[in-house]
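The values are calculated or read from the model by the stated rules, or taken from the named source; none is laboratory data. Quick caveat, the model's predicted, so the values are computed rather than measured. In this analysis, Cβ positions are derived from the backbone assuming ideal geometry, glycine residues included, and neighbour counts consider all displayed protein chains.
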Amino acid sequence: MIGKTKDYESLSDEDLVLKITQKGLTDLYSILYKRYYLKVLRKCDSLVNDKDLSKVLAHDILSGVFEKLNSFQGKSSFNTWVYSITYNHCIDYLRSNKRLHYPEWNRLQQLPEIVDVTEEDLTDLHYSRILELLDQLHTEEKAMLLMKYKDNLSIKDIANSMRLTESAVKMRLMRARVRLVFNYKSLYGSYP
């Protein structure tokens, strides 16, 4: 079968999943693994900031994806489903290693009263400066901003990924936007 995987490389992710789960063509998972390894690796590295650990996490995530293929229901794209698993796995890893406790972190961070910061306000910030500032945010806030603005996930998909309610996601996204703009102004003196 390995030599025949080339015959299937043009199939969509969802069609490959069907072939694997319904016809038992498990060798086809190598195609999905190759498609997603670098994407998952980059997501992991953006969240844990450790290249070696990111490689381990990416492999663990993609192994887990293979084990969970039967649970993929197609309610979202396969891509969204994999990113959801990736974010969850990384955040669970950080939580279990005591590198992440959002409520306590949020309480200790200096943030002015919540002000009205819109999504459009973020588009006015300089991209290179945003990248620096994202690393100053809590991993959950950074993950939510990346899911919303980089991966274009819906609030519902983010809520499912983070195992939070949609209202909690909206509140945390608002805090993350405020914190990003506040840090931007504090560091660079003006906005934008």
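Within the stretch 149-169, work out how many residues are exposed (fewer than 15 other Cβ atoms within 10 Å of the Cβ) and in a helix (DSSP H, G or I). Show your work before the answer.
Narrowing the stretch 149-169 to residues exposed (fewer than 15 other Cβ atoms within 10 Å of the Cβ): 150, 152, 154, 156, 163, 165-168.
Imposing the further condition that a residue be in a helix (DSSP H, G or I) reduces the set to 150, 156, 166-168.
Number of matching residues: 5.
Scan the stretch 42-87 residue by residue and report those that are among the acidic types (Asp, Glu) and either buried (at least 20 other Cβ atoms within 10 Å of the Cβ) or over 13 Å from the mean Cα position of the chain (by Cα) (or both).
Taking the stretch 42-87 as the starting set, the residues that turn out to be among the acidic types (Asp, Glu) are 45, 50, 52, 60, 67.
50, 52, 60, 67, listed by residue number.
Condition first: touching an Asp or Glu at 6+ places or on another chain (Cβ under 7 Å) and part of a loop (DSSP other than H, G, I, E, B). Now tell me which residues in the stretch 62-92 satisfy that.
74, 76
Need the failing condition index for residue 105 against (1) surrounded by fewer than 14 Cβ atoms within 10 Å (Cβ to Cβ); (2) at pLDDT below 80; (3) within 26 Å of residue 136 (Cβ to Cβ), just the number.
If we test residue 105 against (1) surrounded by fewer than 14 Cβ atoms within 10 Å (Cβ to Cβ); (2) at pLDDT below 80; (3) within 26 Å of residue 136 (Cβ to Cβ), just (1) comes out false.
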